[in-house]
Amino acid sequence: MTKPEQQPEKQTRSLITADQDPGGDYIVRATALDHSIRAFACRTTQTCQEATRIHQLSPSAATALGRLMSGLLMMAQDLESPDDSISAVIRSDGPLQGLTAVATGQATIRGLVQQPVVETRYQRPGKLDISHAVGSGTLRIIRDMGQKEPYIGQVELISGEIAEDLAAYMMQSEQTPTVLSLGVLLDRDGIRHAGGLMVQLMPDAGEDITAYLEQRALGFPEISYLLQEGFNPQQLIDLLIGDPDIVYHSLQSCRYACTCSRDRMRRNLIALGRQDLNELSEDEKGIELTCHFCNRKYHFSQQDLRHLLS
């Protein structure tokens with residue numbers, strides 16, 4: 001399925017400056033080079049720290065999930081409604097076995113790793129081997145925009161490094177040429193910096209713009225290094241694009257947040273069917289359900305279960 005072509009954003013005077021930094025995690029959206037490209041950049045340090053805390057992730061798991069969440073938050077900027085969502089599901093044969101992240105139109109995200117604790121391996125000193133941790137497999141993107149059927153696309157992983165895999169998906173499945181860089185920097189105390197930068201060619205971008213962007217991206221510093229040096233999301237875009245007329249359209253806070261609730265868990269129980277629910281209701285202690293995204297626990301007593309049956 002082909003994703004509907006994005007409409008150009010109206011070029012206006014930027015009301016957001018490159019040095020405007022509200023602190024915390026946020027995403028900025030911009031256009032540049034006479035509206036031939038659009039760009040997104042994010043700082044997701046606190047978001048990734050929260051995911052690591054909830055799931056007690058090892059360094060490789062924290063880095064892989066942090067990259068996936070950062071990339072998906074920028075992709076979610078296309079969502080029109082706060083209730084819309086976009087999910088990324090990786091199923092692979094590496095030690096992590098797979099990852100899942102879900103972002104919403106409100107710039108919230110939640111995620112999990114199939115195997116949260118794996119051996120830490122390095123490509124070189126200070127550089128984790130995320131490709132080995134993820135392994136080979138598939139990346140599925142699900143866009144749920146409140147329509148009858150969600151938009152679903154799937155590609156084979158090309159590297160397991162996450163950024164390259166997301167960029168390949170956008171090119172193969174959505175026909176959108178994309179430059180994507182994601183970074184998570186850790187030390188002995190955990191995640192110190194996390195974020196990302198995504199630049200996409202608009203449909204009317206010429207070959208000269210493509211060549212210019214490729215040249216600028218060649219040898220561009222790692223995002224984690226730039227964040228460590230104090231660059232904010234706008235400055236990441238400015239450094240890569242080099243256009244004095246960049247227009248920053250929006251600046252939105254982002255955070256880790258789960259959408260689970262007791263009512264949602266109740267609906268999950270009902271979905272099991274009468275036979276399974278009847279078996280569960282025989283336990284005098286009731287049952288306890290745990291949300292995989294936030295580890296919140298919901299207890300349903302025997303009386304609750306019998307009430308659902310009735």
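Where a number appears in this text, it was derived from the coordinates with a stated rule and is not lab data. Everything quoted here is computed from the prediction, not taken from an experiment. No Cβ is skipped: glycine too gets one built from the backbone with ideal geometry, and neighbour counts run over all protein chains shown.
Applying a 4.7 Å Cβ-Cβ cutoff to the chain leaves CYS42, CYS48, CYS254 as cysteine residues with no disulfide-compatible partner.
Which of the aspartates and glutamates could be linked to LYS285 by a straight reach, that is with a Cα gap under 12 Å, when you skip same-chain ones fewer than 8 residues away? Of all the aspartates and glutamates, those that pass the test against LYS285 - Cα under 12 Å, at least 8 places apart if same chain - are ASP304. Relative contact order of the chain: 24 percent, from C-alpha pairs under 8 Å at least 6 residues apart in sequence.
Fully extending the segment from MET171 to SER253, taken as 0.36 nm per residue of separation minus the present Cα-Cα distance, adds 26.8 nm. At a Förster distance of 30 Å, what's the computed FRET efficiency of ASN295 paired with GLU161, Cβ-Cβ distance as r, to 0.05? Using R0 = 30 Å, I get an efficiency of 0.60. Expressed to the nearest 5 percent, the antiparallel share of DSSP beta bridges inside the chain is 95 percent. Extension gain for GLN46 to SER136 (0.36 nm times residue separation, less C-alpha to C-alpha distance): 29.5 nm. Panel order for LEU239, LEU157, by other beta carbons found within 10 Å of each beta carbon, from fewest to most: LEU239, LEU157. Of the trypsin sites (Lys or Arg not before Pro) in the range 181-253, the ones in a loop by DSSP (not H, G, I, E or B) with at most 10 other beta carbons within 10 Å are ARG188. Distances between every pair of Cα atoms in the chain, grouped in 20 Å steps from 0 to the bin holding the largest one, split as 31, 54, 13, 1 percent. Taking other Cβ atoms within 10 Å as a rough exposure proxy, LEU213, LEU305 sort from fewest to most as LEU305, LEU213. Legend: calculated FRET efficiency, VAL117 to ILE287, from the Cβ-Cβ distance at R0 = 30 Å, rounded to 0.05, equals 0.65. From least to most packed, judged by other beta carbons within 10 angstrom and beginning with the fewest, LEU79, LEU180 follow the order LEU79, LEU180.
Taking label points 7 Å from Cα along the Cα-to-Cβ direction, LEU309 and ARG124 give a separation of 6.4 nm. Stretching ASP93 away from ARG192 to a fully extended chain increases their span by 32.8 nm, per 0.36 nm per residue minus the current alpha-carbon distance. Taking a sphere under 15 Å around the Cβ of ILE54 and counting the other residues whose Cβ falls inside, with K and R at +1 and D and E at -1, yields a net charge of +4.
Across the range 249-273, the residues whose backbone nitrogen lies under 15 Å from the label position 7 Å along the beta-carbon direction of HIS35 are 249. The angle between the Cα long axis of helix 207-217 and the longest principal axis of the Cα atoms of the chain comes to about 70 degrees, rounded to the nearest 10. On the beta carbon distance between ALA217 and ARG274, with R0 = 51 Å, the FRET formula returns roughly 0.35. Peptides 165-174, 55-64 ordered by packing proxy, namely the average of other Cβ atoms within 10 Å per residue, highest first: 55-64, 165-174.
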